[in-house]
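The block underneath contains the structure these notes are about, expressed in structure tokens.
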Amino acid sequence: MDHRTERIAEALREELAELVEYEMTDPRVSGVVVTAVHISPDKHHAHVRIGFTAESAEKEALEALDHARNFLRRQLASRLEMYRIPDLHFEADISADLGARMEQLLKRVRKGRPRE
């Protein structure tokens, strides 16, 4: 990924995180965290990785974000000075779940407890 694409991805991640956390009123997206944005080489598609907290339901949150896709693109267009806002595709970030699980396992190892 070139430097410009990385800058665009980071700007999209920051703005989407703010939009999802503070602007969306849908209760299904509470506890949702934007973890990463990957942009296609042609810059027409942005794959938005979403992390979930324990209380948020993954399927419902992804449906809510898909439903709000056009609202989010309009908001991004007004906030960012870009020629074209990429199409947004939301997907669960399994590495966020794996990270939490790894942290839990490391705590157990440090305490000397056996695996469950």
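Does THR5 meet the test of being in a strand (DSSP E or B) and either touching a residue at least 12 places away in the same chain (Cβ under 8 Å) or on the phi > 0 side of the Ramachandran plot (or both)? No; evaluated as a whole, the condition is false for this residue. Checking the stated criteria, ARG49 turns out to be within 13 Å of VAL20 (Cβ to Cβ) and free of Cβ contacts under 8 Å to residues at least 60 places away in the same chain.
Only one entry of PHE90, PHE71 meets the criterion of being over 26 Å from MET1 (Cβ atoms) and either touching a strand residue (DSSP E or B) at 6+ places or on another chain (Cβ under 9 Å) or loosely packed, with under 15 Cβ neighbours inside 10 Å (or both), and that entry is PHE71.
For beta carbons closer than 7 Å, sequence separation of 6+ or different chains, a first residue in segment 64-92 that is among the charged types (D, E, K, R) and a second that is part of a helix (DSSP H, G or I), the qualifying pairs are ARG79/GLU15. Among the residues of segment 8-46, just one is among the β-branched types (Val, Ile, Thr), in contact (Cβ under 8 Å) with a residue 60 or more places away in the chain and either in contact with a helix residue (DSSP H, G or I) (Cβ under 6 Å, 6 or more places away or on another chain) or at positive phi (or both), namely THR35. Quick check on segment 4-34: of everything there that is in contact with a Lys or Arg (Cβ under 8 Å, 6 or more places away or on another chain) and buried (at least 17 other Cβ atoms within 10 Å of the Cβ), which residue is nearest to SER95 (Cα to Cα)? So the residue we want is VAL34.
Taken together, the values in this text are just the output of simple stated rules run on the coordinates, not laboratory data. Not measured: the values here are computed from a predicted model. As a convention, Cβ positions derive from the backbone with ideal geometry for all residues, glycine included, and neighbour counts pool all protein chains shown.
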